[in-house]
Each structure stands twice: as structure tokens, then as C-alpha cells.
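Everything on this sheet refers to the single structure shown next.
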């Protein structure tokens, strides 16, 4: 099973869980999905499928049927060639978008609302008893060093934040190069608690977080919004901080600061294009920028400072920006598939 954002937008979270359990099938989320659509702590969850053609096909080897519900077939990011599907595999897609159905590179497509389709499948398909449910895969957690690095890695910073994670918090994610580290420490467990951008374009996350926080305030639910925004992405729409301040919104901007466009450096390695200019961004001062709009700010350099700042921000009557200097790391844009 590969689940996409249409499931959550259609209100099909519970139906998706029930159908997956009925089939005893492993569940992946689609490449670059902007919603979660399945609990990431569920024993059948297997993570996100790779974001390139060859690695995605390789990841799905051994499966004879791939069911894609609520997603494109498929949204790719960099070009890494290979077979679109593993040998011998068939693909069935359910989507509410005629264009996505027509553009699917493989398989057969059914046009339907994702939730209605899932509910119909649950009624029509007998529970699978011929095979056991897939065994839970232990969460892959990188051991944290002791003492911590100086500056901290993104993984260490996010691990410190996760210790104080409110159960009802909503996460907005636009830290492109540190996506894996963030989700490792902040797995999504409930519907409507995760939003991210659906492409490689930057600048969406910060104003989106303000919009989500504004909706929470108007609805009276007031769930805290935690926006993890890279220091480069933060520059695109920094004026949204003014709205957050004026409306006294319950949003915490977490800005990991590495002073570079790391995701583009990783692209350069993949495309074998060394010495691309202007990818280092020295002198970015997100603290001063946020202060200029009247936002409470703090710089946190250690795990203890992060926890203290985050705890205070969650209690504040209005937004807070926490800038965290992090180490520069270049990792494979498309990790190797075993």
C-alpha cells in the first residue's frame, strides 16, 4: 500500500488504517507527500518511498501488487533512472484527479474520492487471514553522541525538541535538507497534525504555519503550531511573522541555522556539478529579522537551551522564534536502497 495526501484531505485517515489492517499489508507514504495520511508509529508503517524512479522501484521489489491510494504515480524529485515498477508487479491507483490518472506512468487507475473508495473496499474485500500482519520494523534511530556536538547536528536539535512535544501540536515542515532527522524525532500519529510543501519550491512553510495558527485561533481549538523552517526558506516570506505577532498566534518558529542551501549542495553532488556559486549564505540574522516585526526571539545553542526555550515558547501569549545554530552536513539526496 502507498498512501497519499488525498486520503487525509478526504477525511479518510481511519478508513485507511482499517483497510491496511484488513489486508495485513505494509504501508508506505507517497514521495514528497504534503500530508501524513497514516500513523507513522503503526506497526505496518514502512516510511516514505524514495523520491526517484530507480530507487523507488528497487524499494518495492518482492511485491506483486502495489495499491496507490490518494497519490500520483509518482511524484519524483531528482532524476535517477530505472524501471518504473519492479519486475512482475502490478499497480492499481485510486485518485480523485483525472489528470493524475491520465498521467500515471504505470498501472490502472480508478477515479474516486479516497475515503469513499477505502470504505467501499473495506466492505467488499474479506479480511486477509492467509498471511500474518507484517512484523513491526524497529524505528531507525541514530544514536546521539555524548557529549553533544558543538554546534549541534539537526538530529540532536530535533531530539531535544521532541522531549517536550505537546500531544496536540501541529507540525509544519520546511527544512528540506533535514526532513529525515525531523520526522525521525517527530513521527505523525494523528490526522490534521502535519503539513508540508508538495514540491521543491521554498517559502511556503512559514506563512502556511501562520495560516494554520490563525485557523486554530478562530476555531477556538488553539493547538500549538510548531513550524520548523530552514534559515534560507525563512527569508522568502518573513513578513508573515508580523501577522503572527499582531494576531497573537500560538506558533513557534524553529529555525535550524546552517548558513547554506544544503539541499542544493546535495543536488550538486547528485548531478556531479561541483563549485556551484552562491550556495553559502553567511550573515543571515533571523533573530534580528523577527525582532523587527515584534516577535519574541531566542538563540539556543545547546540541548538544554533548546528545551528551556521551547518550554517557554509553548506557554507564551503569541509567537516565538527559536534560532538554533546547527552543523553543516551534506548527505545523499537519494539515500541508497538496500
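The values are calculated or read from the model by the stated rules, or taken from the named source; none is laboratory data. The model shown is predicted, which means the values in this text are computed figures rather than measured ones. Using ideal geometry, Cβ is built from the backbone for each residue, glycine included, and neighbour counts are taken over all protein chains shown.
Data for the structure
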quantity	calculated
Within segment 248-315, helices (runs of 4 or more DSSP H) holding 3 or more residues that are assigned by TED's automatic domain parsing to the domain that holds residue 164 and in contact with a strand residue (DSSP E or B) (Cβ under 9 Å, 6 or more places away or on another chain)	286-292, 303-315
Residue match in segment 222-238 (condition: out of contact with any strand residue (DSSP E or B) (no Cβ under 6 Å at 6 or more places or on another chain), at pLDDT below 95 and more than 19 Å from residue 322 (Cα to Cα))	yes
Any chance residue 193 is at pLDDT 95 or above and within 29 Å of residue 74 (Cα to Cα)	yes
Number of the condition not met by residue 151 [criteria: (1) surrounded by 12 or more Cβ atoms within 10 Å (Cβ to Cβ); (2) closer than 27 Å to residue 72 by Cα; (3) touching a strand residue (DSSP E or B) at 6+ places or on another chain (Cβ under 8 Å)]	(2)
All strands (runs of 3 or more DSSP E) inside segment 84-175 with 3 or more residues being under 27 Å from residue 22 (Cβ atoms)	90-95, 108-111
Exclusive hit being in contact with a strand residue (DSSP E or B) (Cβ under 6 Å, 6 or more places away or on another chain), in the same structural domain as residue 61 (by TED's automatic domain parsing) and surrounded by fewer than 16 Cβ atoms within 10 Å (Cβ to Cβ), set 116, 110, 91	110
Condition met for residue 213 (within 19 Å of residue 312 (Cα to Cα), modelled with pLDDT of 95 or more and assigned to a helix (DSSP H, G or I))	yes
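Yes/no matrix, rows are residues, columns are (1) touching a helix residue (DSSP H, G or I) at 6+ places or on another chain (Cβ under 7 Å); (2) under 20 Å from residue 205 (Cβ atoms); (3) loosely packed, with under 15 Cβ neighbours inside 10 Å; (4) touching a residue at least 40 places away in the same chain (Cβ under 8 Å):
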| site | (1), (2), (3), (4) |
| --- | --- |
| 268 | no, no, no, no |
| 273 | no, no, yes, no |
| 283 | no, no, yes, no |
| 296 | no, yes, no, no |
| 306 | yes, yes, no, yes |
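Rundown of residues vs (1) touching a residue at least 60 places away in the same chain (Cβ under 8 Å); (2) in contact with a helix residue (DSSP H, G or I) (Cβ under 7 Å, 6 or more places away or on another chain); (3) over 23 Å from residue 76 (Cα atoms), yes/no style:
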{"residue": "220", "(1), (2), (3)": "no, no, yes"}
{"residue": "243", "(1), (2), (3)": "no, yes, yes"}
{"residue": "256", "(1), (2), (3)": "yes, yes, yes"}
{"residue": "259", "(1), (2), (3)": "yes, no, yes"}
